[in-house]
Amino acid sequence: MDYIEIEGGARLEGDITVSGAKNAALPLLATALLATGESTFTNLPDLVDVRTMGKLLAHIGCDVGGTEAGLAVPAGARRISIKPPVSEPKGAPYELVKTMRASVLVLGPLLARYGYARVSLPGGCAIGARPIDQHLKGLKLMGAEVVLEHGYVECKAKRLRGAMILLDMPTVTGCENLMMAAALADGVTVLENAAREPEIAELAMVLNKMGARIQGAGTAVIRIEGVEKLHPIEHAILPDRIEAGTFLVAGALTRGDLFVRGARAEHLDAVLAKLRRAGATLDVEPEGIRVRADKRPLPLDITTQPHPGFPTDMQAQFMVLTCLTEGQSVIKEAIFENRFMHVSELSRMGASIKTDGRVAIVKGVGSLSGAEVMATDLRASASLVIAGMVAEGTTTVRRVYHLDRGYEHIENKLQNVGATIRRKHGG
Ligand code: EPZ
């Protein structure tokens, strides 16, 4: 298995480019199932999860083409084309869904387009149980017959009908599934208590480009007026705000001077506010955001919340930052029930963190020391890479397959701005 070796002490300086957003690419690729022909997406990130979605769509019966995975291409040039089957799509099998929960995003489109969908239940993952009850509640309200058996969910509906759906919580993929399903339903669907993440607005914009009639995306009430059919489109995927935030934290913590190309301030309000509070200098420019810092960060109190609150996907990265302040920080993980697995690894590097359920108390220390650590989930692995860059000595991060799910060639990008970091094979 690959591992990453990092020498601490470098300052990140220069220009680092953000790739296309994983959490936008995954629902957008699924929308291709709704169109009457071949859709193309560019600025596609070269990520394991995106390749998995491509494999899943091919398994379902789509013609999937585009840039060969792993082939080096200029930033933004990677593309994928997806032509859905005319009829008789296959379902989403366990062996694919178990590797990526977001496979559940084919459920809504398959049901809306073909009247039938059989998808393996995603099951939990390292950070939590990750149920899909709200996805299924919405589909039932739209008239679908939903059967759960043998670890699969099977949905049938001659044609979905518009419905009023009040979500128990602003679930991101839940809203995405229901928006895609409602786009071809008969009548108007209203999602209340909807998620407001930028990826939701991006999905609505793409669906509207395909001929859908969606209003309110980005607010807590989304109105979808169903149409008869949707036509294919070509679309460039928006930059990944979590990758951007990860690089901003790394630039601040290494006391560097880093331009994060593609970072969009309007998608990062809560993150930028916390970085400024920690003492970083941020300059928002048309093409990205410049981050500088020249002293120890200041303590922070953070509670993760649905967008536009502080994103749970940035919690682990900020925990590293709070490990090196001159005071005490409190971090509350209010979205997922088990998203502190990076704590034990950071403690092995000398961090002083006490957790009680979903609350972590972080006492700043003067420095971290390099160690052998284990990645446990996507954002935890990013936090360990950041920790390795500021620790004294060498850090080895194992199980970097977690990292490859959501960060495109991260070691190359960080090397180019001054980090001493390399990927090694085996061991
Ligand atoms: C999306 O996951 C993201 N993934 C996650 O990013 C992100 O952490 C999360 O939203 C929150 O922002 C993708 O977009 C592919 P939720 P999702 O449904 O949609 C509960 C990363 O690191 N819930 O918004 O699965 C759920 O248990 C990943 O890139 C239900 O109870 O998250 C959680 O506590 C990790 N029932 C909360 O809601 C449901 O039917 C938020 O989950 C759905 C969700």
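The values are calculated or read from the model by the stated rules, or taken from the named source; none is laboratory data. All figures in this text were calculated on a predicted structure; none of them were measured in a lab. Note that each Cβ is placed from the backbone with ideal geometry, even for glycine, and that neighbours are counted across all protein chains shown. To get the accessible areas, we keep the full protein, side chains included, count just its heavy atoms, and leave off ligands, DNA and RNA. Shrake-Rupley method; radii C 1.70, N 1.55, O 1.52, S 1.80 Å.
Which condition does residue 131 not pass, out of (1) outside any helix (DSSP H, G or I); (2) within 15 Å of the ligand (Cβ to nearest atom); (3) farther than 30 Å from residue 357 by Cα, if it passes all the others?
Residue 131 satisfies every listed condition except (3).
Give me the helices (runs of 4 or more DSSP H) completely within segment 32-114, filtered to those with at least 3 residues that are modelled with pLDDT of 95 or more, ordered by residue number.
The qualifying helices (runs of 4 or more DSSP H) are 48-60, 107-114.
Out of 101, 118, 79, which single residue is of a type outside the set (Asp, Glu), surrounded by fewer than 21 Cβ atoms within 10 Å (Cβ to Cβ) and within 15 Å of the ligand (Cβ to nearest atom)?
101
Any residue in segment 200-220 that's touching a residue at least 40 places away in the same chain (Cβ under 8 Å): show its pairings with residues that are part of a helix (DSSP H, G or I) and of a type in the set (Val, Ile, Thr) at Cβ separation under 8 Å, as long as the two are six or more apart or on different chains.
203/31; 206/31; 207/31; 210/31
With the structure loaded, tell me whether residue 151 is of a type outside the set (Val, Ile, Thr), open to solvent by 10 Å² or more (accessible area, probe 1.4 Å), under 23 Å from residue 334 (Cα atoms) and free of Cβ contacts under 8 Å to residues at least 60 places away in the same chain or whether it fails that test.
No.
Out of segment 316-338, which residues are under 17 Å from the mean Cα position of the chain (by Cα), buried (at least 24 other Cβ atoms within 10 Å of the Cβ) and more than 21 Å from residue 256 (Cα to Cα)?
Answer for segment 316-338, where residues must be under 17 Å from the mean Cα position of the chain (by Cα), buried (at least 24 other Cβ atoms within 10 Å of the Cβ) and more than 21 Å from residue 256 (Cα to Cα): there is none.
Can you pull out the residues in segment 286-304 that are open to solvent by 20 Å² or more (accessible area, probe 1.4 Å) and in a loop (DSSP other than H, G, I, E, B)?
Taking segment 286-304 first, the residues open to solvent by 20 Å² or more (accessible area, probe 1.4 Å) are 286-287, 290, 292, 294-296, 298-299, 301, 303.
286, 287, 294, 295, 296, 298, 299, listed by residue number.
Residue check: is residue 123 within 16 Å of the ligand (Cβ to nearest atom) and at pLDDT below 95?
Numbers: within 16 Å of the ligand (Cβ to nearest atom): yes; at pLDDT below 95: yes.
Judged against the criteria, residue 123 is a match.
Listed here are the residues, each with its yes/no results for (1) surrounded by fewer than 17 Cβ atoms within 10 Å (Cβ to Cβ); (2) touching a Phe, Trp or Tyr at 6+ places or on another chain (Cβ under 8 Å).
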{"site": "383", "(1), (2)": "no, no"}
{"site": "386", "(1), (2)": "no, no"}
{"site": "390", "(1), (2)": "no, no"}
{"site": "393", "(1), (2)": "yes, no"}
{"site": "400", "(1), (2)": "no, yes"}
{"site": "403", "(1), (2)": "no, no"}
{"site": "406", "(1), (2)": "no, no"}
{"site": "411", "(1), (2)": "no, no"}
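Would you point out which residue out of 270, 263 is closer than 23 Å to residue 378 by Cα, touching a residue at least 12 places away in the same chain (Cβ under 8 Å) and assigned to a loop (DSSP other than H, G, I, E, B)?
Only one candidate qualifies: 263.
Given 254, 281, 246, which one is β-branched (Val, Ile, Thr) and within 21 Å of the chain's Cα centre (by Cα)?
The match here is 246.
Looking at 119, 106, 97, 146, which is the one that is in contact with a Pro (Cβ under 6 Å, 6 or more places away or on another chain) and of a type in the set (Val, Ile, Thr)?
Just a single option satisfies the conditions, and that option is 97.
Between 408, 392, which is of a type outside the set (A, V, I, L, M) and within 16 Å of the ligand (Cβ to nearest atom)?
Result: 408 is the single residue among 408, 392 that is of a type outside the set (A, V, I, L, M) and within 16 Å of the ligand (Cβ to nearest atom).
Which numbered condition trips up residue 29, out of (1) open to solvent by 20 Å² or more (accessible area, probe 1.4 Å); (2) within 17 Å of residue 97 (Cα to Cα); (3) at pLDDT 95 or above?
The one condition residue 29 does not meet is (1).
When you go through 245, 211 one by one, which is the residue that is outside the structural domain of residue 26 (by TED's automatic domain parsing) and either under 24 Å from residue 409 (Cα atoms) or out of contact with any helix residue (DSSP H, G or I) (no Cβ under 9 Å at 6 or more places or on another chain) (or both)? Step through it out loud before you land on a result.
Working: 211 fails: outside the structural domain of residue 26 (by TED's automatic domain parsing).
After ruling out the rest, the residue left standing is 245.
Given the residues 182, 236, 194, which is the only one that is within 15 Å of the ligand (Cβ to nearest atom) and aliphatic (A, V, I, L, M)? Write out each step before concluding.
Values: 182 fails: within 15 Å of the ligand (Cβ to nearest atom); 236 fails: within 15 Å of the ligand (Cβ to nearest atom).
Matching residue, one of 182, 236, 194: 194.
For segment 248-258, does any single residue satisfy the condition of being within 16 Å of the ligand (Cβ to nearest atom) and assigned to a helix (DSSP H, G or I)?
yes
Take residue 383 and decide whether it is away from the ligand (no atom under 14 Å from the Cβ) and in contact (Cβ under 8 Å) with a residue 12 or more places away in the chain.
When the stated conditions are applied, residue 383 does not pass them.
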